[in-house]
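What follows is a set of notes on a single structure, which appears directly below.
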Amino acid sequence: MLYYSTNGKNLRVSAREAVLQGLAPDNGLYMPQELKKLPSGFFNSSSVPTFYETSLEVARLFLGEEVPEQDLCELVISAMNFEPKLVEIGPNLYTLELFHGPTLAFKDFGARFLAALTSYFLRDSEKELRVLVATSGDTGSAVASGFFGLPNIKVILLYPAGKVSEIQEKQLTTMGGNVIALKVDGVFDDCQRLVKQAFLDPDLREKADMTSANSINIARLIPQAFYAVHAALVLKELEPLVFSVPSGNFGNLTASVIAKRIGAPIGHFVAATNVNDVVPEYLSSGEFRPRPSVQTVSNAMDVGNPSNFARLQELYSNDLTAMRGEIFGAAFSDDETVDAMKRVHNECRYMCDPHGAVAFLGLERYWAKSGNKGCGVFYETAHPSKFGETVQMATGLEPQMPERLKVILGRKSESTRISADFAQFKEFLTAL
Ligand SMILES: *Cc1c(COP(=O)(O)O)cnc(C)c1O
């Protein structure tokens, strides 16, 4: 399978190049050249395949021509060392819990798969690989955890001082080993600027291979199709299925649409956002107006210019009507989100995190609008204990913190403080 860039249809690269480059040289995003269907026997089989079997089947479609079967099996096994969990919380109402990975957010799927694939493609390289990640929280820890302990790789995390939660800072600064945390005197945009500048610097490029691991890498999307396909398979008797996806950069929704294209029996999608509603607004008005993001309680979705929008456009051939035919947009305020957390807890005895609550609301609105109550699935993208304060405010209860998060809180933080000045960052990287 070859991959093309959303900016230049003539550019074609292998999976290896697409994964190692992240962003295409023309600044476009890589997309698979074709979306073949999964074998029909796979969907018709009377027994539901395991999550591992589903993942392997989907991975084969995208990587099978380049990665030999045995290697692919090992890759999937090592990356997917945890599973999504489908939980029925009401009549025809399911949540797909995606937070059972090491850092308790769905980003673990993408980050672990990207790490496994990157280290596989570079297995014979002598040069050190540096993974530079600017993070405002969840992405950094998922990427660090994915690359942790891999030979010949260093992860350099940049996060804005005072702008991430205490738990997030612990997750970023207590890994040790090949993970280095830099606390930047500045905001997230400064971190991102430093990373971009490093990629352009000839001296730094000479010294080591560098990659960015951010959400535009195609390797992060592929595993997100694994669980969409698998959930649809498990629930296929309950068609029509509606999947509601809490969205920020729209990688999760893009991967879910890809899952449908390769054959998963999903009827409709909901693009659910907080007040950063650029895509729902596009769906209703036809105008795409990126703008600075606004802070909300579902902060992992505080995105003003969603990076995967170009891929979504590509999937619908820039046809707004076609996109509207499959995706329903819905945006919600913080008050509505907190109220939904309370209602779901009271009515279903289920504790949502703020992101999951936005997706639940999206599903509710879609059902009310369409009058069509098939089976609904909303994605739960973070463990509620990562947003303990908001959960407590909504439900009056403190969510139980999983052991693997508790352990981290007891560890000693280690980070290096740097200014937002490129010269200092460069000096640091040169001395590494
Ligand atoms: C990143 C993130 C999202 C948004 O996912 P996108 O793929 O960027 O749309 C939603 N919820 C949580 C908890 C996240 O960390």
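The values are calculated or read from the model by the stated rules, or taken from the named source; none is laboratory data. Bear in mind the structure is a predicted one, so any value in this text is a computation, not a measurement. Quick reminder, even Gly has a Cβ in these numbers, built from the backbone with ideal geometry, and neighbours come from all protein chains shown. Note: accessible area is taken over every heavy atom of the protein model, side chains too, but ligands, DNA and RNA are not part of it. Shrake-Rupley method; radii C 1.70, N 1.55, O 1.52, S 1.80 Å.
So is LEU182 buried (at least 23 other Cβ atoms within 10 Å of the Cβ), at pLDDT 90 or above and in contact with a helix residue (DSSP H, G or I) (Cβ under 8 Å, 6 or more places away or on another chain) or not? Lay out the reasoning, then the answer.
On the way: buried (at least 23 other Cβ atoms within 10 Å of the Cβ): yes; at pLDDT 90 or above: yes; in contact with a helix residue (DSSP H, G or I) (Cβ under 8 Å, 6 or more places away or on another chain): yes.
Considered against the rule, which asks whether it is buried (at least 23 other Cβ atoms within 10 Å of the Cβ), at pLDDT 90 or above and in contact with a helix residue (DSSP H, G or I) (Cβ under 8 Å, 6 or more places away or on another chain), LEU182 comes out as yes.
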Could you check, for region 338-350, whether at least one of its residues is within 19 Å of the chain's Cα centre (by Cα) and either buried (at least 21 other Cβ atoms within 10 Å of the Cβ) or not in a helix (DSSP H, G or I) (or both)? no
When every residue in region 291-326 that is open to solvent by less than 30 Å² (accessible area, probe 1.4 Å) and of a type in the set (Ser, Thr, Tyr) is compared, the one modelled with the highest pLDDT is TYR316
Qualifying positions in region 265-275 - touching a residue at least 40 places away in the same chain (Cβ under 8 Å) and either closer than 30 Å to PHE62 by Cα or open to solvent by 10 Å² or more (accessible area, probe 1.4 Å) (or both): PRO265, GLY267, HIS268, PHE269, VAL270, ALA271, ALA272, THR273, VAL275
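Give region 99-112 a look and list any residue that's of a type in the set (Gly, Ala, Ser), touching a residue at least 60 places away in the same chain (Cβ under 8 Å) and not in a helix (DSSP H, G or I), or say none.
From region 99-112, those of a type in the set (Gly, Ala, Ser) are 101, 105, 110-111; that's our starting set.
This time we only want the ones that are touching a residue at least 60 places away in the same chain (Cβ under 8 Å), so: 105, 110-111.
Passing the criteria: only ALA105.
For region 389-427: of the residues being among the small types (Gly, Ala, Ser) and without any contact (Cβ under 8 Å) to a residue 60 or more places away in the chain, which is least open to solvent (accessible area, probe 1.4 Å)?
At the first step, the residues of region 389-427 found to be among the small types (Gly, Ala, Ser) are 394, 396, 410, 413, 415, 419-420, 423.
Next cut, without any contact (Cβ under 8 Å) to a residue 60 or more places away in the chain only: 394, 396, 410, 423.
Details: ALA394: 5, GLY396: 56, GLY410: 71, ALA423: 62 Å².
Step by step, filter region 389-427, then rank; the result is ALA394.
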Selection count, region 232-247, where residues are near the ligand (Cβ under 7 Å from one of its atoms) and modelled with pLDDT under 95: 0
Looking at TYR366 and the list (1) closer than 30 Å to ALA142 by Cα; (2) buried (at least 18 other Cβ atoms within 10 Å of the Cβ); (3) away from the ligand (no atom under 15 Å from the Cβ), which single condition is not satisfied? (1)
Filtering region 129-146 down to residues that are away from the ligand (no atom under 16 Å from the Cβ) and in a helix (DSSP H, G or I) yields none
How many residues of region 113-128 are part of a helix (DSSP H, G or I) and buried (at least 21 other Cβ atoms within 10 Å of the Cβ)? The answer is 6
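The rows are residues; the columns are (1) within 14 Å of the ligand (Cβ to nearest atom); (2) outside any strand (DSSP E or B); (3) surrounded by fewer than 24 Cβ atoms within 10 Å (Cβ to Cβ).
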position	(1), (2), (3)
ASN249	yes, yes, yes
GLY263	no, yes, yes
VAL279	yes, yes, no
SER284	no, yes, yes
ARG289	no, yes, yes
Selection from region 299-329 of residues that are among the aromatic types (Phe, Trp, Tyr) and within 16 Å of the ligand (Cβ to nearest atom): PHE309, PHE328
